[in-house]
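S.K.: Pasting a structure below so you can have a look.
The values are calculated or read from the model by the stated rules, or taken from the named source; none is laboratory data. None of these values were measured; they are calculated from a predicted model. Here the Cβ positions follow ideal geometry from the backbone for every residue, glycine too, while neighbour counts run over all protein chains shown.
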Amino acid sequence: MIIEVRNYRTKPGCRGEFVRLFEERAGPSQISLGMTLIGPLLDLDDSDVVVWLRGFPSMEERVRMKEAFYEGPPWKSELEGLVMPLLESYLVVVCQASPRMFDGPLGVWGP
C-alpha cells in the first residue's frame, strides 16, 4: 500500500473552513475514486495545521486516482478555487507501507 502523509498549514484562522470543505466535499470526492482517507487530523499544538493520510493500492493506482481527482470537474470547477486560497503551505511525504503494517483496510499493530 502507498500512503501519502499530507501536512497542511492553513492561513491563520482558516483551519475550520478547510476542514469543513475537506469533510463535506473534497474527502468524499476522493473516496468515490477509490482512495482511502484517514483524517482530517487536527494538530493539538498548532491551530493552523491539519494532517491527513491518503492511501492507494499501488503507485500506478496513485497516479490514476490523483489524475482523476485533480483533473476532474469537482476539483477544477470549484474545489481548487475554494481550498487553495485557505492554504499557506503543504508538504506531502509518499511512503510505502511495510508488508506487516496493515492487516485489512485499517489494520494496525495491536491485539
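S.K.: What single numbered condition from (1) closer than 17 Å to Val93 by Cβ; (2) free of Cβ contacts under 8 Å to residues at least 40 places away in the same chain fails to hold for Asp45?
M.R.: Of the numbered conditions (1) closer than 17 Å to Val93 by Cβ; (2) free of Cβ contacts under 8 Å to residues at least 40 places away in the same chain, the odd one out for Asp45 is (1).
S.K.: Going by what's in this entry, would Ser32 be described as out of contact with any strand residue (DSSP E or B) (no Cβ under 7 Å at 6 or more places or on another chain), within 11 Å of Ile3 (Cβ to Cβ) and without any contact (Cβ under 8 Å) to a residue 24 or more places away in the chain?
M.R.: Values: out of contact with any strand residue (DSSP E or B) (no Cβ under 7 Å at 6 or more places or on another chain): yes; within 11 Å of Ile3 (Cβ to Cβ): no; without any contact (Cβ under 8 Å) to a residue 24 or more places away in the chain: yes.
For Ser32, the condition - out of contact with any strand residue (DSSP E or B) (no Cβ under 7 Å at 6 or more places or on another chain), within 11 Å of Ile3 (Cβ to Cβ) and without any contact (Cβ under 8 Å) to a residue 24 or more places away in the chain - is not met.
S.K.: Here is a list of conditions, (1) over 19 Å from Leu91 (Cα atoms); (2) more than 15 Å from the chain's Cα centre (by Cα), and Cys14 meets all of them except one; can you say which number that is?
M.R.: Checking Cys14 against (1) over 19 Å from Leu91 (Cα atoms); (2) more than 15 Å from the chain's Cα centre (by Cα), the one that fails is (1).
S.K.: Does the range 55-66 include one or more residues that are surrounded by 14 or more Cβ atoms within 10 Å (Cβ to Cβ), under 16 Å from Ala97 (Cβ atoms) and of a type in the set (A, V, I, L, M, F, W, C)?
M.R.: Scanning the range 55-66 turns up at least one residue that is surrounded by 14 or more Cβ atoms within 10 Å (Cβ to Cβ), under 16 Å from Ala97 (Cβ atoms) and of a type in the set (A, V, I, L, M, F, W, C).
S.K.: Still on this structure, please answer the following. Considering only residues that are surrounded by 13 or more Cβ atoms within 10 Å (Cβ to Cβ), of a type in the set (D, E, K, R) and within 19 Å of Lys76 (Cβ to Cβ), which ones fall in the range 14-52?
M.R.: The one that is surrounded by 13 or more Cβ atoms within 10 Å (Cβ to Cβ), of a type in the set (D, E, K, R) and within 19 Å of Lys76 (Cβ to Cβ): Arg25.
S.K.: Just wondering, is there one or more residues in the range 1-12 that are assigned to a helix (DSSP H, G or I) and at pLDDT below 95?
M.R.: There is no residue in the range 1-12 that is assigned to a helix (DSSP H, G or I) and at pLDDT below 95.
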